[in-house]
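Novice: I have a structure I would like to understand better, so I am pasting it below and will then ask my questions one at a time.
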Amino acid sequence: MTTKPKLLLYLEGTILDDRAILYLKVTKHDSGYLRRLIESLPVEGAVEFCQSMQERFDLIYLGHRGEEQRNVYQEWLQKHGFPEGELIVGGYKAKLPQGTSFAIDDRVQDAEDVYSKLGITYIPVNEYCARWKKVSEKILNPV
(Lines give C-alpha, C1' and ligand atoms only; values in the text may rest on other atoms or scores of the structure.)
Protein backbone atom coordinates (compact mmCIF):
# COMPACT_ATOMS: atom_id res chain seq x y z
CA MET A 1 0.00 0.00 0.00
CA THR A 2 1.39 3.38 -0.98
CA THR A 3 0.95 6.32 1.29
CA LYS A 4 0.04 9.64 -0.21
CA PRO A 5 1.95 12.82 0.61
CA LYS A 6 0.25 15.16 3.05
CA LEU A 7 -1.14 18.61 2.24
CA LEU A 8 -1.73 20.96 5.18
CA LEU A 9 -4.34 23.74 5.00
CA TYR A 10 -4.51 26.42 7.65
CA LEU A 11 -8.12 27.15 8.58
CA GLU A 12 -8.60 30.77 9.65
CA GLY A 13 -8.13 33.18 6.75
CA THR A 14 -6.91 30.49 4.36
CA ILE A 15 -9.98 28.30 3.84
CA LEU A 16 -12.29 29.71 6.55
CA ASP A 17 -13.56 33.26 6.00
CA ASP A 18 -14.29 34.62 9.48
CA ARG A 19 -14.67 38.28 8.45
CA ALA A 20 -18.45 38.23 8.91
CA ILE A 21 -18.06 37.63 12.62
CA LEU A 22 -15.03 39.85 13.14
CA TYR A 23 -17.08 42.94 12.26
CA LEU A 24 -19.05 42.34 15.44
CA LYS A 25 -15.96 43.65 17.27
CA VAL A 26 -15.47 40.26 18.83
CA THR A 27 -11.82 39.39 19.16
CA LYS A 28 -10.58 36.01 18.05
CA HIS A 29 -9.94 35.14 21.70
CA ASP A 30 -13.47 35.95 22.84
CA SER A 31 -15.99 33.16 23.33
CA GLY A 32 -18.38 35.09 21.06
CA TYR A 33 -16.01 34.49 18.18
CA LEU A 34 -15.82 30.81 18.94
CA ARG A 35 -19.60 30.41 19.20
CA ARG A 36 -20.12 32.16 15.86
CA LEU A 37 -17.32 30.39 14.00
CA ILE A 38 -19.71 27.74 12.69
CA GLU A 39 -21.64 30.52 10.85
CA SER A 40 -18.58 31.52 8.82
CA LEU A 41 -18.34 30.68 5.13
CA PRO A 42 -15.48 29.04 3.27
CA VAL A 43 -13.07 31.20 1.30
CA GLU A 44 -14.26 31.20 -2.29
CA GLY A 45 -13.00 28.13 -4.16
CA ALA A 46 -11.54 26.44 -1.07
CA VAL A 47 -13.93 23.48 -0.98
CA GLU A 48 -13.43 22.76 -4.67
CA PHE A 49 -9.67 23.06 -4.31
CA CYS A 50 -9.61 20.58 -1.42
CA GLN A 51 -11.85 18.18 -3.32
CA SER A 52 -9.50 18.32 -6.30
CA MET A 53 -6.48 17.56 -4.08
CA GLN A 54 -7.93 14.69 -2.06
CA GLU A 55 -7.04 11.98 -4.58
CA ARG A 56 -3.34 12.91 -4.61
CA PHE A 57 -2.89 13.97 -0.98
CA ASP A 58 -3.97 13.14 2.54
CA LEU A 59 -5.45 16.42 3.75
CA ILE A 60 -4.57 17.96 7.09
CA TYR A 61 -6.54 20.90 8.47
CA LEU A 62 -4.76 23.11 11.01
CA GLY A 63 -6.88 25.25 13.33
CA HIS A 64 -5.42 28.05 15.39
CA ARG A 65 -7.54 27.44 18.50
CA GLY A 66 -7.06 24.71 21.05
CA GLU A 67 -8.57 21.33 21.75
CA GLU A 68 -11.80 22.87 23.05
CA GLN A 69 -12.63 23.98 19.49
CA ARG A 70 -11.97 20.68 17.73
CA ASN A 71 -15.69 19.84 17.47
CA VAL A 72 -16.55 23.30 16.12
CA TYR A 73 -13.88 23.03 13.42
CA GLN A 74 -14.99 19.50 12.54
CA GLU A 75 -18.62 20.57 12.29
CA TRP A 76 -17.67 23.55 10.12
CA LEU A 77 -15.62 21.40 7.72
CA GLN A 78 -18.43 18.84 7.38
CA LYS A 79 -21.13 21.49 7.02
CA HIS A 80 -19.37 23.00 4.01
CA GLY A 81 -18.45 19.76 2.27
CA PHE A 82 -14.70 19.71 2.81
CA PRO A 83 -13.20 16.27 2.18
CA GLU A 84 -12.23 14.17 5.15
CA GLY A 85 -8.83 14.82 6.59
CA GLU A 86 -6.86 14.90 9.79
CA LEU A 87 -7.73 17.86 12.01
CA ILE A 88 -4.97 19.35 14.12
CA VAL A 89 -5.62 22.12 16.63
CA GLY A 90 -3.29 24.42 18.50
CA GLY A 91 -1.83 26.37 15.59
CA TYR A 92 1.93 26.48 15.18
CA LYS A 93 2.50 24.93 18.61
CA ALA A 94 0.86 21.70 17.43
CA LYS A 95 2.94 18.74 16.34
CA LEU A 96 2.55 18.47 12.58
CA PRO A 97 2.53 15.01 10.99
CA GLN A 98 5.67 13.66 9.39
CA GLY A 99 5.47 13.38 5.64
CA THR A 100 3.73 16.71 5.19
CA SER A 101 4.84 17.91 1.77
CA PHE A 102 3.04 21.24 1.38
CA ALA A 103 1.44 23.81 3.68
CA ILE A 104 -0.98 26.45 2.43
CA ASP A 105 -1.29 29.36 4.83
CA ASP A 106 -2.11 33.07 4.75
CA ARG A 107 -0.06 33.99 7.81
CA VAL A 108 3.30 34.66 6.17
CA GLN A 109 4.96 36.26 9.18
CA ASP A 110 4.17 33.27 11.39
CA ALA A 111 4.29 30.40 8.94
CA GLU A 112 7.47 30.95 6.97
CA ASP A 113 9.88 29.82 9.67
CA VAL A 114 7.71 27.05 11.08
CA TYR A 115 7.28 25.13 7.85
CA SER A 116 10.83 25.55 6.56
CA LYS A 117 12.24 24.12 9.81
CA LEU A 118 10.13 21.02 9.24
CA GLY A 119 11.11 20.63 5.58
CA ILE A 120 7.59 21.46 4.39
CA THR A 121 7.16 23.47 1.18
CA TYR A 122 5.22 26.57 2.19
CA ILE A 123 2.78 28.12 -0.27
CA PRO A 124 1.64 31.54 0.95
CA VAL A 125 -1.79 32.81 -0.07
CA ASN A 126 -3.61 36.09 0.42
CA GLU A 127 -5.91 36.19 3.41
CA TYR A 128 -9.52 35.40 2.42
CA CYS A 129 -8.75 35.25 -1.32
CA ALA A 130 -6.37 32.49 -2.32
CA ARG A 131 -5.76 32.06 -6.01
CA TRP A 132 -6.46 28.34 -6.01
CA LYS A 133 -5.49 27.75 -9.64
CA LYS A 134 -2.00 29.12 -8.98
CA VAL A 135 -1.74 27.11 -5.76
CA SER A 136 -2.64 23.95 -7.71
CA GLU A 137 0.05 24.70 -10.28
CA LYS A 138 2.69 25.15 -7.57
CA ILE A 139 1.75 21.85 -5.97
CA LEU A 140 1.25 19.73 -9.06
CA ASN A 141 4.06 21.25 -11.17
CA PRO A 142 6.85 22.17 -8.76
CA VAL A 143 9.86 23.84 -10.34
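Novice: Could you run through the stretch 8-39 and say how many residues are surrounded by 20 or more Cβ atoms within 10 Å (Cβ to Cβ), small (G, A, S) and either over 16 Å from R131 (Cα atoms) or modelled with pLDDT of 95 or more (or both)?
Specialist: 0
Novice: Right, here's the next one. Got a sec? Which of Y115, Y61 is touching a strand residue (DSSP E or B) at 6+ places or on another chain (Cβ under 6 Å) and closer than 18 Å to D17 by Cα?
Specialist: Exactly one of Y115, Y61 is touching a strand residue (DSSP E or B) at 6+ places or on another chain (Cβ under 6 Å) and closer than 18 Å to D17 by Cα, namely Y61.
Novice: Output the number of residues of the stretch 89-100 satisfying the condition of being outside any loop (DSSP other than H, G, I, E, B), surrounded by fewer than 19 Cβ atoms within 10 Å (Cβ to Cβ) and under 14 Å from the mean Cα position of the chain (by Cα).
Specialist: Of the residues in the stretch 89-100, the ones outside any loop (DSSP other than H, G, I, E, B) are 89, 91-93, 100.
From what is left, the residues that are surrounded by fewer than 19 Cβ atoms within 10 Å (Cβ to Cβ) are 91-93.
Still in the running and under 14 Å from the mean Cα position of the chain (by Cα): 91-92.
So the count comes out to 2.
Novice: Identify all residues within the stretch 31-90 that are among the hydroxyl-bearing types (S, T, Y) and either over 28 Å from K138 (Cα atoms) or in contact with an Asp or Glu (Cβ under 9 Å, 6 or more places away or on another chain) (or both); write none if there are none. Show your work before the answer.
Specialist: As a first pass, look at the stretch 31-90 and keep what is among the hydroxyl-bearing types (S, T, Y): 31, 33, 40, 52, 61, 73.
Within the stretch 31-90, S31, Y33, S40, Y61 qualify.
Novice: Find all pairs meeting these conditions: Cβ atoms under 6 angstrom apart; at least six residues apart or on different chains; first residue within the stretch 92-113 and in contact (Cβ under 8 Å) with a residue 40 or more places away in the chain; second residue polar (S, T, N, Q) and part of a strand (DSSP E or B).
Specialist: The qualifying pairs are F102/T121.
The values are calculated or read from the model by the stated rules, or taken from the named source; none is laboratory data. Worth saying up front: this structure is predicted, and the values here are computed from it rather than measured. Here the Cβ is made from the backbone with ideal geometry for all residues, glycine too, and neighbour counts use every protein chain on show.
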